[in-house]
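See below for the structure under consideration.
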Amino acid sequence: MCGVPYTGKDCGGFGYGGIGGFMVRLSGRIGRLRESATLRMARLARVLRSEGKQILDLSLGEPDFPTPAHIQEALWGALSEGYTHYPPVSGFADLREAIAEYTFRQTGRATRVEEVLVSAGAKQALSHLLFVLADEGDEVLFPAPYWVSYADMAEALGLRPVVLPTRVEEGYRLRPEVLERGLAEHPRARILILNSPCNPTGVVYSEEDWRALSEVLVRYPELWVVSDEVYDRLVYAPHRFVSPYRYVPNSERCVIVNSCSKTYAMTGWRVGWLVAPEEVVRVCERLQGQTTAGACSLSQRAALRALTGPQDCVEEMREAFGRRLRIAVESLGVLSPWVKPVEPSGTFYLWVDASRLLGALVERGHRVRSGEDLAVYLLESVQVAVVGGDAFGDPMCFRLSCAVDEETLRVAMNRLVEGLSRLVEEVGA
Ligand SMILES: Cc1ncc(COP(=O)(O)O)c(C=O)c1O
């Protein structure tokens with residue numbers, strides 16, 4: 001895709017860019033990187049808002065709650081104590097210790113401080129891992145629907161993303177036979193990314209799920225398993241969080257990624273981490289040392305307070321998200337069978353299967369033909385921002401985020417139902 005002139009409208013995989021009216025040559029690598037779909041929807045919503053439209057935003061992947069007060073206070077304390085210099089590249093030792101303890105509590109992995117690296121969010125931890133665990137041309141496998149950044153991050157680093165399909169009828173869980181086929185057909189598979197609770201589907205894998213997948217993994221001892229656990233504290237009964245770490249056959253090859261972002265409403269603070277064998281941590285540290293020099297020192301002090309301080313804030317936010325998800329699921333009930341929400345077991349997202357509605361619209365030659373079209377239609381017609389499923393690997397669905405207060409959510413859901421009902425009428429007529 002390189003070498004095609006950049007028009008200034010869409011990066012679209014081109015290796016040239018226009019800055020200030022000049023054509024500049026950019027790397028081919030950057031051409032492989034698209035804008036994050038969630039951030040794009042948020043940007044579109046902002047543009048419409050600046051034009052005076054009352055947009056209700058259900059597109060964003062971050063808690064609407066403020067960071068809890070005791071965590072904020074830790075920042076001021078750290079500031080007055082002079083934590084304004086470069087931190088140790090791999091993170092402050094006491095924070096790494098707290099993360100090691102947290103990891104043991106959550107996953108059962110007995111973790112040493114040397115096996116922890118603090119990074120600028122889980123995003124950076126993931127990109128370090130893709131950089132150090134695989135070579136250009138190697139393959140990275142993950143189930144669809146998937147978090148938007150896995151594929152783009154892999155491609156930007158010259159790796160080949162391989163999507164393992166899941167089906168709505170199977171609760172969007174990766175089936176062992178699909179994993180088996182994927183690994184057999186892709187001899188250059190180096191990394192498998194697992195994400196439970198899953199963004200966007202809200203699916204939480206059980207012990208049985210991990211056991212079944214482990215029976216396949218036992219035949220691939222060289223494969224790295226990267227477990228993205230950023231929603232580990234957002235799970236609704238009767239489901240419970242279980243890390244695949246306990247079940248993967250070669251646990252030395254299982255790397256855990258997590259962060260403070262979703263659990264403590266700390267998305268802007270940019271503190272995440274990875275837990276891996278010491279040799280992997282050491283090379284990630286080398287990479288981090290040459291790129292960002294580590295996560296912000298003040299944020300790290302606040303993260304220490306988050307992990308070691310009172311945890312009721314986590315429970316309060318989890319309960320609120322659970323209530324909101326129920327509201328969203330119930331509101332969409334009237335649109336069945338055209339539009340069906342997937343019962344969420346975790347996260348604060350609701351994944352909606354619109355395949356029946358979209359299928360009927362496509363048959364009629366309607367302009368709304370995919371989840372992304374649907375998202376644009378909903379934004380324009382009822383001023384609600386959601387994210388089309390295309391970017392998550394399933395164009396027949398869309399995702400809405402319940403990270404808004406209940407009152408706003410109710411209004412937004414009424415509007416969504418109104419907008420979608422109009423489409424149902426069109427195909428039902
Ligand atoms: C599944 C998943 N992993 C990782 C991240 C990145 O989290 P962080 O803010 O810690 O970089 C997100 C953020 O939306 C996510 O949904």
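Taken together, the values in this text are just the output of simple stated rules run on the coordinates, not laboratory data. Keep in mind it's a predicted model, so treat the numbers as computed, not measured. Counting neighbours? That spans all protein chains shown, and the Cβs are built from the backbone with ideal geometry, glycine included.
For this structure, a couple of remarks:
- Note on the range 85-308: Cα-Cα pairs beyond 29 Å make up 21% of the total pair count.
- Projecting the Cα atoms of Ser336, Gln290, Val47 onto the charge dipole of the chain, computed from C-beta unit charges around the Cα centre, puts Val47 farthest toward the positive end.
- Summing Cβ point charges (Lys, Arg +1; Asp, Glu -1) relative to the Cα centre of the range 297-429 gives a dipole of roughly 140 debye.
- Whole-number D in µm² s⁻¹ for the range 223-331, Kirkwood Cα-pair radius fed into Stokes-Einstein, 25 °C, 0.890 mPa s: 153 µm²/s
- Exposure proxy order (Cβ contacts within 10 Å, fewest to most) of Leu274, Leu192: Leu274, Leu192
- Choice from Gly419, Gly346, Gly365 with maximal GNM fluctuation in the chain (Cα, 10 Å cutoff): Gly365
- Table column - 3J(HN,Hα) (Hz), the range 199-206, Karplus curve with 6.51, -1.76, 1.60, x for Gly and Pro: 9, x, 7, x, 6, 10, 6, 9
- Listed residues Ile327, Gly158, Trp147: farthest to the positive end of the dipole of the chain (Cβ charges): Gly158
- Its residues counted as N, the chain yields a C-alpha radius of gyration over 2.2 N^0.38 Å of 0.99.
- Inter-part distance where the range 307-372 and the range 66-92 are each reduced to a Cα centre, Å: 36 Å
- Across the options Ala306, Gln124, Leu26, the greatest Cα extent toward the positive end of the charge dipole of the chain (unit charges at beta carbon of Lys, Arg, Asp, Glu) belongs to Leu26.
- DSSP H segments from the chain that extend 30 Å or more along their own axis, Cα-based, with Kyte-Doolittle mean of -1.0 or above: 312-332, 406-428
- Rounded to the nearest 20, the Cβ-based charge dipole of the range 85-308 about its Cα centre (Lys and Arg +1, Asp and Glu -1) stands at 600 debye.
- Counting only residues at least eight positions apart within a chain, or on another chain, the aspartates and glutamates with an alpha carbon under 16 Å from that of Lys340 are Glu169, Glu170, Glu330, Asp353, Asp394, Glu418.
- Calculated mean residue ellipticity, 222 nm, the chain: -13000 deg cm²/dmol, from DSSP H runs (n ≥ 4) at -39500 (n - 2.57) each, averaged per residue and rounded to 500.
- Proportion of all alpha-carbon pairs of the range 277-358 beyond 15 Å (%): 73 percent
- For peptides 131-137, 305-311, sequence by mean Cβ density within 10 Å, most packed first: 305-311, 131-137
- Taking every DSSP beta bridge that has both ends in the range 85-308, the antiparallel portion is near 30%.
- Mean shadow area of the range 64-134, taken as a quarter of the surface of its Cα convex hull (nm²): 6.6 nm²
- Annotation: the antiparallel percentage among DSSP beta bridges lying fully within the chain is about 55.
- With eigenvalues of the C-alpha gyration tensor scaled by 5 and rooted, the range 263-324, Å: 29, 13, 11
- Cβ-to-Cβ counts within 10 Å put Tyr172, Tyr150 in ascending order as Tyr172, Tyr150, the fewest first.
- Ellipsoid fit via the Cα gyration tensor, the range 154-239: semi-axes of 22, 16, 13 Å, each the root of five times an eigenvalue, largest first.
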